[in-house]
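Down below is the structure, laid out as structure tokens.
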Amino acid sequence: MRIIYLSNHPGEKLQAIRQKRRAAEEQKMARYREAVAQHQALVAEIRRERAEARARHRWWTWLRLGLSVLFTGVDAPHRPGPSTERSDQEEILAAGVAGELYVEDRLAPAFGDDWVLFRGYKNRRGEIDSVLLGPGGLFAMEVKNRNATVHVDGDNWWCDKYDRYGNLVEQGLRFADRSGRSPSREVNEPADELEKFLRSRRQPVSVRRAVILVHQRSELGTTRNLTVDVATSMDWVIGAVKESRLTLEAGRRAELERLIVQDHRYHQARQTTR
């Protein structure tokens, strides 16, 4: 399977957040080093004055300064420890990136070079994590990596969230992106737009849509009125793709590949110039 990396928005955002966190840690260390230098200068000055008091036999001053050295040493700056805390946004992005890589790693050995995986296809309605094109058709996949039981009613999604130990931490939590779109809308809206674009270029093709729950503890709860396929197993996804009854000839696949790349670059350029 060939892989075309169109964009890596979650990875870039994650890198930016990590760089910001590292910069904050470096700032803390710079402030610590400055405080250490100031403390050492203060101790050196007190010791100089103490030595001078001793030389002049000013014993009370010598004793007072000795106590000052002692208490100043207690007040020495403490070296900040390494920060291990990650923001909720960083956790979510890291999970998303790991999930997308997992899907890519599972798809790659399952399909030959007559299949191509587009990573990060984007149009005016949003971004699709993975778009798979091959002899069996065109597939749009939204990847979610949450330790949760997911419930679906049409385009309304919610979940019961668990911690790493399997303890329920939140129940009935709305499952949506920052703009309020559920996972099904996240994939359906740009997939609809992609279908519309391809029809306008005389290449009508249905895009099969799926939301893949890749966390090893992800489960499906209540499901009604599904508008997309929902999978908790990559084996199921691979099987569904291979069992597709649609047939796309090589020449048509090449044209679809060209159009998908062209469309993504057009919308990416428009977003850059805004």
Quiz item: Any idea how many residues of the range 226-247 are within 29 Å of the chain's Cα centre (by Cα) and more than 15 Å from residue 117 (Cβ to Cβ)?
Solution: 12
Exercise. Output yes when any residue across the range 104-114 is buried (at least 20 other Cβ atoms within 10 Å of the Cβ) and in the same structural domain as residue 227 (by TED's automatic domain parsing), and no when none is.
Key: yes
Quiz item: Is it fair to say residue 78 is at pLDDT 90 or above and farther than 22 Å from residue 205 by Cβ?
Solution: no
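Regarding residue 154, is this residue in the same structural domain as residue 7 (by TED's automatic domain parsing) and surrounded by 19 or more Cβ atoms within 10 Å (Cβ to Cβ)?
Numbers: in the same structural domain as residue 7 (by TED's automatic domain parsing): yes; surrounded by 19 or more Cβ atoms within 10 Å (Cβ to Cβ): no.
Taking the combined requirement at face value, the residue does not satisfy it.
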Quiz item: on the phi > 0 side of the Ramachandran plot and free of Cβ contacts under 8 Å to residues at least 12 places away in the same chain - does that describe any residue in the range 168-183?
Solution: yes
Quiz item: Among strands (runs of 3 or more DSSP E) lying entirely in the range 110-162, which contain 2 or more residues that are under 29 Å from residue 2 (Cβ atoms)?
Solution: 116-123, 126-134, 137-144
Exercise. List the number of the failed condition for residue 215; all other conditions in (1) touching a Lys or Arg at 6+ places or on another chain (Cβ under 7 Å); (2) under 17 Å from residue 181 (Cβ atoms) hold.
Key: (2)
Quiz prompt | Criterion: aliphatic (A, V, I, L, M), in a helix (DSSP H, G or I) and modelled with pLDDT under 70 - qualifying residue of 23, 95 | solution = 23
Self-check item: Failed item, numbered, when residue 174 is tested on (1) farther than 24 Å from residue 114 by Cα; (2) surrounded by 13 or more Cβ atoms within 10 Å (Cβ to Cβ)
Solution: (2)
Practice problem: Kindly list the number of the only condition in (1) farther than 26 Å from residue 2 by Cα; (2) part of a loop (DSSP other than H, G, I, E, B) that fails for residue 248. | Solution: (1)
Practice problem: Can you tell me which residue within the range 255-274, out of those that are exposed (fewer than 13 other Cβ atoms within 10 Å of the Cβ) and at pLDDT 95 or above, is nearest to residue 105 (Cα to Cα)? | Solution: 258
Quiz prompt | Neighbours by Cβ (under 9 Å, 6+ apart or cross-chain): first from the range 101-120, over 15 Å from residue 142 (Cα atoms); second among the small types (Gly, Ala, Ser) and surrounded by fewer than 17 Cβ atoms within 10 Å (Cβ to Cβ) | solution = 114/250
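The values are calculated or read from the model by the stated rules, or taken from the named source; none is laboratory data. Not measured: the values here are computed from a predicted model. Every residue, glycine among them, receives a Cβ derived from its backbone with ideal geometry; neighbour counts consider all protein chains shown.
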